[in-house]
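Data block below; observations after.
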Amino acid sequence: MRKSATWLIGACAATFVGCATLQPDLPSITEAPTGSRLPGKIVWHDLISDTPAESQRFYHELFGWEFQPVGARLGFGDDSTYSLIRNKGRLIGGMVDANKLGNDKKISQWVVLMSVPDVDRAVDALKAHGGRVFAPPTELERRGRIAVVE
């Protein structure tokens, strides 16, 4: 059994493609990879923020979330490019500094990662129903197979 699950990223904008084409060493969705597949379940959230310091302050004050800058370690440039988000110590998502994506558009948004049994088949079905593929299915170490779609 594979150590990582299969994921489909549902993105609201093409601007996230820059991150998808990298091969960063992202942590597992869970503290240790389980190999579980949870079809239809949203399993991760990434916040793409044009104002990352304000976003961190807002979510920390509202929910007590903690942010761990890890961009350099993951291959995203400097540490402030990507931060892991924890709620009461539990890993729940990440935050991307949109200003470092090389795009001058305002693109702040939440992006969800949804578990599917087979990314390639899900992408084919999405295309057959008029969906767009911004990054085709690819392997992402410790995360499984991903695609960026709308």
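Numbers below:
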quantity	calculated
In segment 70-96, the residues that are out of contact with any strand residue (DSSP E or B) (no Cβ under 7 Å at 6 or more places or on another chain) and of a type outside the set (Gly, Ala, Ser)	73, 78, 87, 88, 90
Lone qualifier among 96, 112, 123, 119 - being modelled with pLDDT under 90, within 27 Å of residue 136 (Cβ to Cβ) and among the β-branched types (Val, Ile, Thr)	112
Candidates 96, 70, 112, 43, filtered to the one that is surrounded by 15 or more Cβ atoms within 10 Å (Cβ to Cβ), touching a Cys at 6+ places or on another chain (Cβ under 8 Å) and aliphatic (A, V, I, L, M)	96
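Residue-wise test of (1) in contact (Cβ under 8 Å) with a residue 60 or more places away in the chain; (2) aromatic (Phe, Trp, Tyr).
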residue	(1), (2)
58	no, yes
78	no, no
84	no, no
91	yes, no
98	yes, no
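The values are calculated or read from the model by the stated rules, or taken from the named source; none is laboratory data. What you see is a predicted model; the values in this text were computed from it and never measured. Cβ atoms come from the backbone with ideal geometry, glycine included; neighbour counts cover every protein chain shown.
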